[in-house]
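For reference, the structure is listed below as structure tokens.
Laboratory data are not the source of any read-out in this text; all were calculated from the coordinates shown. Quantities reported herein were computed from a predicted structural model and do not represent experimental measurements.
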Amino acid sequence: MSAPITVVLIAVPMALGLSLAAGAPPEAGLAAAAAGGIAGGPLSGAPLQVSDPSAGLAVVSAGPIQIYGWRTTCTITSGAGLSQILLGTLRVARGALAASPAIAHGTLAGIGIGIGIGIRGRTRPWRGGSPKGRSSCPACTSASVRRRRIR
């Protein structure tokens, strides 16, 4: 089976599902799959690159769609895309080359340590320990919430 047909068989159903999961109309998923497939190879400089929808973006885009609505979210996203194209044309990212790679490595290491500490704290009850600390959210510590958790 040729690569484009395989990509279509995988990307189109996935794009439809992700658009529905994000609260967008199914037509948006089809348009995104078509745009990604048509523009992905020629614009990326890698003709064999496979571009498909990302499940993580469904979670990211669901919030703005619920808060601002579909049309406003499309306008915001289009504006962000146009600004990325403009900044890429102006080669603004070349300024990032002036920063030491140690800065990026340190930042990523700090994020990883923070995630590790957070995961370790959340898994204490699973490992037989008691949860550490108290929640700062008053609603989370109310008696009704505790009763619901017990049931």
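Below is a table of values for the structure above.
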item	result
Potential extension, ILE10-TYR68 segment - 0.36 nm per residue separation minus Cα distance	17.9 nm
Calculated SAXS-style log₁₀ I(q)/I(0) at q = 0.34 Å⁻¹ - the stretch 59-104, Debye, Cα scatterers	-1.10
